[in-house]
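Take a look at the structure below.
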Amino acid sequence: MATPAQARVDLAAIERNVALLKERAGGAELMGAVKADAYGHGLVPCSEAVLAGGASRLGTAFVREALALREAGVTAPVLSWIIGPDEPIAEALEADVELSASAETTLDEIAAAARRTGRTARMHLEADTGMSRGGAPLAAWPGLLDRAVRLQAEGVIEIIGLWSHFACADIPGHPSIGAQLDAFEAALKLAEQAGAGGSHVIRHLANSAAILTLPRSRFDMVRAGIAMYGLSPVPELGDFGLRPAMTLLARLALVKQVPAGSGVSYGHLHVTESETRLGLVPLGYADGVLRHATGRAEVLAGGRRRPVTGRVCMDQFMIDLDDDLLAEGEEVVLFGPGGRGEPTAQEWADNLGTITHEIVTRIGARVPRVHVRDSQE
Ligand SMILES: *Cc1c(COP(=O)(O)O)cnc(C)c1O
C-alpha cells in the first residue's frame with residue numbers, strides 16, 4: 001500500500017453479489033444503483049462489475065452521475081431519478097440517459113429540452129405509493145399520466161418505465177409494505193387505462209431488501225443497491241450469502257510510548273491508565289471515520305482488535321496498542337468482510353447507531369479506491 005490509507009474494493013465480490021441478486025430476482029431485469037460513487041466504492045469500475053455480474057441497467061440519483069458513466073464509455077442503459085433545478089437535461093438526452101418525472105412541471109421541462117435537441121426523452125414515471133418522498137401522490141398521478149401520454153403522442157417523450165419506492169422494505173412485516181404493493185398495482189392499472197402501459201413498459205419497485213424478502217415485489221425489474229456491495233439490507237435476517245466488497249485500511253503513521261496519566265487527543269476524553277503504546281492511524285472524520293466513533297469503534301492491528309482511543313480528529317485518530325511492539329507502517333484494518341477477525345461495516349454501523357450505507361458512502365475523496373479481484377479469501 002503506497003498511500004497512508006485506502007479503500008480496497010473487491011470487484012469479484014460485487015460480481016458475485018449481483019449474480020446472487022439476479023437469481024433471487026427470478027426472471028426480472030436487474031438495475032444496479034450506482035449513485036453516490038457506487039455507494040463510495042468507485043463509480044466506473046463498480047458499474048462495470050455490476051454489468052458483468054448480470055445487471056442490464058444502471059441507476060443514479062443525479063444526471064451528472066449518469067453523464068460521468070457516459071464519459072467513461074459505459075453504454076448500458078442508465079436512469080437518473082432526481083431531476084432538480086438546473087439539471088443538465090439536454091446533455092442527458094444527448095447522452096441517452098433515461099429520466100424520471102414525478103410532476104407535470106418536470107415533464108414539461110424535459111419535453112422542452114427534447115424539442116430543443118430533437119431527441120425523444122425516454123421516461124420513467126414515478127408514483128408515490130406511500131413513502132412521501134419522490135413520486136406523484138395518488139391524486140396527481142392521473143394528471144401526470146395524461147400529460148405524459150399527450151407528450152408521447154407528440155413524439156417528444158417515450159414512456160418506458162413506471163415505478164415507485166418502498167419506505168419500509170427493510171422492516172419485514174411492516175404494514176406499509178402490503179399497502180405500497182397494493183397502491184403500486186392500482187397505479188399501474190390507472191396507467192394502463194390512461195394509455196401509458198403496455199408490455200414494453202418496465203414496472204419496477206423493489207430495492208435490495210425487497211429483492212431478498214418480497215418475491216411479489218419483483219415485477220419486470222428490480223433496483224439493487226446496498227446488497228450488490230455485499231452489505232445486508234436486513235441485518236437482523238443475516239447476510240443472505242452476500243460478501244462485503246470493501247476493506248478500509250490504513251498504515252500506522254506513528255507509534256510511541258506514553259506514561260500513565262496521559263490525556264489522549266482533543267478534550268482528553270481518554271486518559272491512559274498505565275504506561276502504554278499508542279499508534280496513530282492517518283484517517284479522520286474528513287475521510288469518513290465519524291467523530292462519533294470516538295470510544296465506540298474498534299480496528300484490527302497486529303492480529304488483535306484495538307479500540308479507537310480518544311477523539312477522532314479530522315485527519316487522524318489514535319489506537320491503544322498495549323505493550324505490543326507494532327511499528328510504523330503496520331497495517332490497520334478498520335473494516336472488511338470479517339474473515340480475518342476485522343470488524344465489518346455492519347459492526348461499525350451498529351456501534352455508531354447508523355446503517356452501512358452511511359458508513360461506506362461517507363468515505364472521503366482523499367482515500368483512494370483500489371480495485372482488486374481477490375474474493376477467494
Ligand atoms: C438507492 C436506491 C435504490 C437502492 O436501494 P438499496 O436499499 O440500497 O438497495 C433503489 N431505488 C432507488 C430509487 C434508490 O434511490
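Could you give the length gained on full extension between R64 and A153, defined as 0.36 nm per residue of separation minus the Cα-Cα distance, in nm?
Extending this stretch completely gives an extra 29.2 nm.
Over all alpha-carbon pairs of segment 246-372, lay out the pair-distance distribution in 10 Å bins, whole %, shortest bin first.
Pair shares across the bins are 13, 48, 32, 6, 0.
Rounded, prolate or oblate for segment 300-343? Axes are the square roots of the Cα gyration tensor eigenvalues, ordered a ≥ b ≥ c, and the cut-off for rounded is a/c under 1.5.
Oblate shape, in that a/c is at least 1.5 and b/c is the bigger or equal ratio.
Can you tell me the FRET efficiency between A140 and H174 if r is taken as the Cβ-Cβ distance and R0 is 22 Å, rounded to the nearest 0.05?
The pair A140/H174 has a calculated efficiency of 0.30.
Sort segment 124-205 into rounded, prolate or oblate with this rule: let a ≥ b ≥ c be the square roots of the eigenvalues of the Cα gyration tensor; rounded if a/c is under 1.5, and if a/c is not under 1.5, prolate when a/b is larger than b/c, oblate otherwise.
prolate
In whole Å, how far is the Cα centre of segment 132-196 from that of segment 242-260?
47
Give a residue-ordered list of calculated ³J(HN,Hα) values for segment 256-262 (Karplus: 6.51 cos²θ - 1.76 cosθ + 1.60, θ = phi - 60°; whole Hz; x for Gly, Pro).
Using θ = phi - 60°, the values come out as 8, 8, 10, x, 4, x, 7 Hz.
How large is the dipole of segment 1-142 about the Cα centre if only Lys and Arg carry +1 and Asp and Glu carry -1, each at its Cβ, rounded to the nearest 20 debye?
280
I want to check the label-to-label distance for A167 and R119. Put each point 7 Å from Cα in the C-beta direction and report it in nm to one decimal.
3.5
Any idea how far apart R133 and A95 come out in nm if each label point goes 7 Å out from Cα toward Cβ?
My value for the distance between the label points is 2.3 nm.
At a 1.4 Å probe, what is the % contribution of carbon and sulfur to the accessible area of the chain?
Heavy-atom surface of the chain belonging to carbon and sulfur, 1.4 Å probe: 51 percent.
Based on DSSP, what percent of beta bridges with both residues in the chain are antiparallel, to the nearest 5?
Within the chain, antiparallel bridges account for around 50 percent of the total.
Give the shape of segment 11-228 as rounded, prolate or oblate, defined through the alpha-carbon gyration tensor: a ≥ b ≥ c are the square roots of its eigenvalues, a/c under 1.5 means rounded, and otherwise the shape is prolate if a/b is larger than b/c and oblate if not.
Taking the square roots of the gyration eigenvalues as a ≥ b ≥ c, segment 11-228 is oblate.
Placing +1 on the Cβ of each Lys and Arg and -1 on the Cβ of each Asp and Glu in the chain, which of L326, L214, A293 has its Cα farthest towards the positive end of the resulting dipole?
Most positive-ward Cα: L214.
Under a 5 Å amide H to amide H cut-off, with H placed in plane at 1.01 Å, what residues pair with S262 once short-range neighbours are removed?
T272
Determine the per residue accessible area of the chain with all protein chains present and a 1.4 angstrom probe, expressed in square angstrom.
On a per-residue basis, 41 Å².
So in segment 144-296, what percent of DSSP beta bridges are antiparallel if you round to the nearest 5?
65
Taking 51 Å as R0, compute the FRET efficiency from the Cβ-Cβ separation of R296 and E192 and round it to 0.05.
Working from the Cβ atoms, E equals 0.50.
Spelling out what I want: for every residue of segment 301-306, take phi, set θ = phi - 60°, compute 6.51 cos²θ - 1.76 cosθ + 1.60 (Karplus), and round to whole Hz; glycine and proline get x.
Result, rounded to whole Hz: 8, x, x, 10, 6, 10.
Which of the lysines could be linked to K35 by a straight reach, that is with a Cα gap under 27 Å, when you skip same-chain ones fewer than 8 residues away?
K22
Could you order peptides 9-16, 317-324 by the average number of other Cβ atoms within 10 Å of their residues, highest first?
9-16, 317-324
HN-Hα J couplings of segment 150-157 from phi, Karplus 6.51/-1.76/1.60, θ = phi - 60°, integer Hz, Gly and Pro as x?
Per-residue couplings from phi come out as 5, 5, 5, 5, 6, x, 8, 10 Hz.
In terms of modelled amide H atoms, which long-range or inter-chain residues lie less than 5 Å from the amide H of L58?
Long-range HN contacts for L58: G32, V78, L79.
Run the dipole for the chain about the Cα centre, Lys and Arg Cβ at +1, Asp and Glu Cβ at -1, nothing else charged, and hand back the magnitude in debye, nearest 20.
The calculated dipole for the chain is roughly 220 debye.
The values are calculated or read from the model by the stated rules, or taken from the named source; none is laboratory data. Note that the coordinates shown come from a computational prediction; the quantities given were computed from them, not determined experimentally. Positions of Cβ are generated from backbone atoms using ideal geometry, with glycine treated the same way; all protein chains shown enter the neighbour counts. We work out accessible area using only protein heavy atoms, side chains counted, and drop any ligands, DNA or RNA first. Shrake-Rupley method; radii C 1.70, N 1.55, O 1.52, S 1.80 Å.
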